[in-house]
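One structure is given here, and the rest of the page talks about it.
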Amino acid sequence: MDKQTTNGVLEDFRIQFLECWQRLPNKGIFFALLVAWLALFHFLGNSTVGYIPTPSLLVWMQVVYGPGFGGDASEDSHG
């Protein structure tokens, strides 16, 4: 019987993540565009300022999808 070495789920994820990270070209440009995209949605993302007084789409999503907004969360849950 041959011994088969098996990694755990976290170890497999770590190995696959490192392989993917090494293959990712232009990491600086990627993160610069990611920060610009997040800043755009944070400062200019919400076009419905009437009900929730924030221009941030990220804060709007946190308020709307978070607990305590609207009525019963079981009826209006996302997904």
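The values are calculated or read from the model by the stated rules, or taken from the named source; none is laboratory data. Bear in mind the structure is a predicted one, so any value in this text is a computation, not a measurement. No Cβ is skipped: glycine too gets one built from the backbone with ideal geometry, and neighbour counts run over all protein chains shown. Quick note on the areas: whole protein, heavy atoms, side chains included, nothing else; ligands and nucleic acids left out. Shrake-Rupley method; radii C 1.70, N 1.55, O 1.52, S 1.80 Å.
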Report task. Kindly establish whether residue 47 is out of contact with any Lys or Arg (no Cβ under 6 Å at 6 or more places or on another chain), open to solvent by 100 Å² or more (accessible area, probe 1.4 Å) and at pLDDT below 70. Result -> yes
Report task. Confirm whether residue 33 is modelled with pLDDT under 90, open to solvent by 80 Å² or more (accessible area, probe 1.4 Å), assigned to a helix (DSSP H, G or I) and not aromatic (Phe, Trp, Tyr). Result -> no
